[in-house]
Amino acid sequence: MPRESNEAKVARLEKIIAGLGLAYPAVHCELNFSNPLELLIATILSAQCTDKRVNLVTVELFKKYRSAADYANASPPELEQLIKTTGFFRNKAKNIQACCRALVEKHGGKVPRTMEALIQLGGVGRKTANVVLGNAFGINVGVVVDTHVTRLANRLGLTKETKAEKIEQELMKLVPRDQWTLFSHWLIWHGRRRCDARRPDCGACEIAKLCPSAGKV
C-alpha cells in the first residue's frame, strides 16, 4: 500500500469498524464472569492460555472462592491445583493471592476503578487493567492489545509497531474513545474466527477490501 495519510487511515478505519460491527454484532468479552473480581481473576489466568480453557477452570474456582479474602486466605497448593491446566499455575496462584491481599488491605476487598490503582496489584499490567475497566465497569481508559490485536493491527496497516504499549498508543489516536473496548473485541473475534495467524481466510474476510495484507499473508 502506498504511504497513507493519517486522514485516509482514519477514514479507512471507520469502514473497518463498520464492517466488523456488521460481522460481529454480538461481540463481547469471551471470559465468563459475573462481577469485577471474577473478571480480574479470569484475566490473570488467561495469560498464555485460551479463554475457553480459563472458562472451564473458573466454573469450579468461582464456586469455591467468592471474595478477595477467600483468594487471599486460600491454601496455595489447593489454589494451584484448581488452576493447574491454565499453565504457569504456580506463578498465577502467587499473583492472584498477592492481588487479592492488596484488594483486602487497600480497597476493602473491592476491585478499584482506575488504571493507576489496578496496575499496583500483583499480576496486573495495563492489558489486564484495560480488560477489567472496559468490560466490568464500562470505562474506556485504553485499548486491550493481545496477540490477536497485535497481528491484526499490523496486517490492517494501522501500525508498524510490535510492542503492545506502542500499538496501544497508536490505536488510541485512531479509534474513537467510546469504541476502544469494542474495537479490541472486534479484532480479537476476527482474529479467532477469520484472520488466523498461519492461515487467514482472506477469501471470506468481511473487510478484505480494506486490508493491505489481504491475499498476501
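The values are calculated or read from the model by the stated rules, or taken from the named source; none is laboratory data. Treat the numbers as computed from the prediction; the structure is a model and nothing was measured. Cβ sites come from the backbone with ideal geometry, for glycine too, and all protein chains shown count toward neighbours. The accessibility values were calculated without ligands, DNA or RNA, using every heavy atom of the protein model including side chains. Shrake-Rupley method; radii C 1.70, N 1.55, O 1.52, S 1.80 Å.
Conditions tested, residue by residue: (1) more than 15 Å from Leu13 (Cβ to Cβ); (2) in contact with a strand residue (DSSP E or B) (Cβ under 7 Å, 6 or more places away or on another chain); (3) among the β-branched types (Val, Ile, Thr); (4) part of a helix (DSSP H, G or I).
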{"site": "Lys173", "(1), (2), (3), (4)": "no, no, no, yes"}
{"site": "Trp180", "(1), (2), (3), (4)": "no, no, no, yes"}
{"site": "Trp189", "(1), (2), (3), (4)": "yes, no, no, yes"}
{"site": "Arg192", "(1), (2), (3), (4)": "yes, no, no, yes"}
{"site": "Ala197", "(1), (2), (3), (4)": "yes, no, no, no"}
{"site": "Pro200", "(1), (2), (3), (4)": "yes, no, no, no"}
**Message:** Among the residues of the range 60-84, what is the count of those that are open to solvent by 80 Å² or more (accessible area, probe 1.4 Å) and touching a residue at least 12 places away in the same chain (Cβ under 8 Å)?
**Reply:** 2
**Message:** I'd like the full set of residues that are assigned to a helix (DSSP H, G or I) and either among the small types (Gly, Ala, Ser) or open to solvent by less than 40 Å² (accessible area, probe 1.4 Å) (or both), limited to the range 136-164.
**Reply:** Ala136, His148, Val149, Thr150, Leu152, Ala153, Arg155, Ala164
**Request:** Quick one: count up the residues across the range 99-135 that are open to solvent by 40 Å² or more (accessible area, probe 1.4 Å) and of a type in the set (Ser, Thr, Tyr).
**Result:** 1
**Prompt:** Looking only at the range 173-201, which residues are open to solvent by 30 Å² or more (accessible area, probe 1.4 Å) and under 15 Å from Gly157 (Cα atoms)?
**Reply:** Lys173
**Fill in**
Log entry, pairs with first residue in the range 135-162 being without any contact (Cβ under 8 Å) to a residue 12 or more places away in the chain, second being open to solvent by less than 10 Å² (accessible area, probe 1.4 Å), beta carbons closer than 6 Å, six or more apart or on different chains, reads Glu161/Ile167
**Complete:** Contact list, first residue from the range 100-119 and within 13 Å of Val141 (Cα to Cα), second anywhere and modelled with pLDDT of 95 or more and open to solvent by less than 20 Å² (accessible area, probe 1.4 Å), beta-carbon distance below 6 Å, six or more apart or interchain, is Met115/Ala129; Leu118/Pro112; Leu118/Val124; Leu118/Ala129; Ile119/Ala129
**Prompt:** Any residue at all in the range 53-65 that is at pLDDT 95 or above and on the phi > 0 side of the Ramachandran plot?
**Reply:** no
**Prompt:** Do you know which of the residues in the range 21-59 that are β-branched (Val, Ile, Thr) and open to solvent by 40 Å² or more (accessible area, probe 1.4 Å) is farthest from Leu103 (Cα to Cα)?
**Reply:** Thr50
**Prompt:** Just wondering, is there one or more residues in the range 125-133 that are of a type outside the set (A, V, I, L, M, F, W, C) and farther than 26 Å from Met172 by Cβ?
**Reply:** no
**Message:** If I go through the range 85-98 residue by residue, how many of them are polar (S, T, N, Q) and surrounded by 16 or more Cβ atoms within 10 Å (Cβ to Cβ)?
**Reply:** 3
**Asked** Can you tell me which of Ile207, Ile167 is open to solvent by less than 60 Å² (accessible area, probe 1.4 Å), touching a helix residue (DSSP H, G or I) at 6+ places or on another chain (Cβ under 6 Å), of a type in the set (Val, Ile, Thr) and over 29 Å from Glu38 (Cβ atoms)?
**Response** Ile207
